Each structure stands twice: as structure tokens, then as C-alpha cells.
């Protein structure tokens, strides 16, 4: 299970960081390769930290149990995407928008921070939910492809 969790965390971190960095740069109206790369790398580090510190599978299982969700159902996908989105997107958007604001401000731009933050948070949460909804099932299949579960329910082992 740990191996699958690490694979899942890596896949989600890279895909979310890539897409949200691109979305943020495009919504700012000024796409530059160095800005995109910096945004992606900072976002990736933040996302990996969140992914390795927060036990997403436990949160998802607890939510599925609380709301009586069937595994693989549309309701479960929505709840899992919402949980991931509400944990990742606000933190990532806040840090990325604050970084962008300070960078723009240091270059002489007079951009009001609060409207920029609110727009970015809203866009980040919306895009993050869509990405989580689309990518989680696909990445689960990839992550669990090489993990087997013994019939006795003992510890997991990798396929040879």
C-alpha cells in the first residue's frame, strides 16, 4: 500500500502542479517560460510536501465510510476529488499567488493583492477539483497495477 500511495502522490503532485502552474500563468495574462518553470517547481515542492504529510487514503476511506459511498461510484469520485481539492488548492494557490504578487510588486506593478488572491483561489479550487476528478481514478489504476493483496489480508507485496 505504501508503494501505491507514493506513486499516487507523485503522479498527482506532478500533474496538479503542471496544470495549475499553466492555468495561473495563463490567467495572469503574461506567460513566460522562466516564470512557468519557477511556478511549477515551487508548486511541485508544496504539493509533494502536502502529499507526503497528509494521509489522503485514510481521509478518503473515512469519508467513504461516513457517507456510505460505494467503491468506484460517482459519489465516491466526487467526494475524493473535493477532499483533495480543499486540501491542496487553497494552500498552493495562496503561496503561488503571494509569490507572483511579490514578484510583480518588486518589478513596479501596482496590483491589489486581495482581488488577485480571491480570483486565484477561486480558479485554483475550480481547476483543482476538475483535475482531481479526472486524474484520481486513472492514477489509482496506475498506482495499484503493481501491488497485490494476499487472500488472507496480510501485508501487501509487490508482483515479481
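The values are calculated or read from the model by the stated rules, or taken from the named source; none is laboratory data. Keep in mind that this is a model prediction, so the values were computed, not measured. Methodologically, a virtual Cβ is constructed for each residue, glycine included, from the backbone with ideal geometry; neighbour enumeration extends over all protein chains shown.
Some points to look at:
- Here is the figure for region 9-34: residues that are without any contact (Cβ under 8 Å) to a residue 12 or more places away in the chain and either assigned to a helix (DSSP H, G or I) or out of contact with any helix residue (DSSP H, G or I) (no Cβ under 6 Å at 6 or more places or on another chain) (or both) total 6.
- Any hit, region 65-77, residues being within 16 Å of residue 91 (Cβ to Cβ) and either surrounded by 18 or more Cβ atoms within 10 Å (Cβ to Cβ) or without any contact (Cβ under 8 Å) to a residue 12 or more places away in the chain (or both): no
- The set of residues from region 26-43 being farther than 19 Å from residue 16 by Cβ and at pLDDT below 80 comprises 29, 30.
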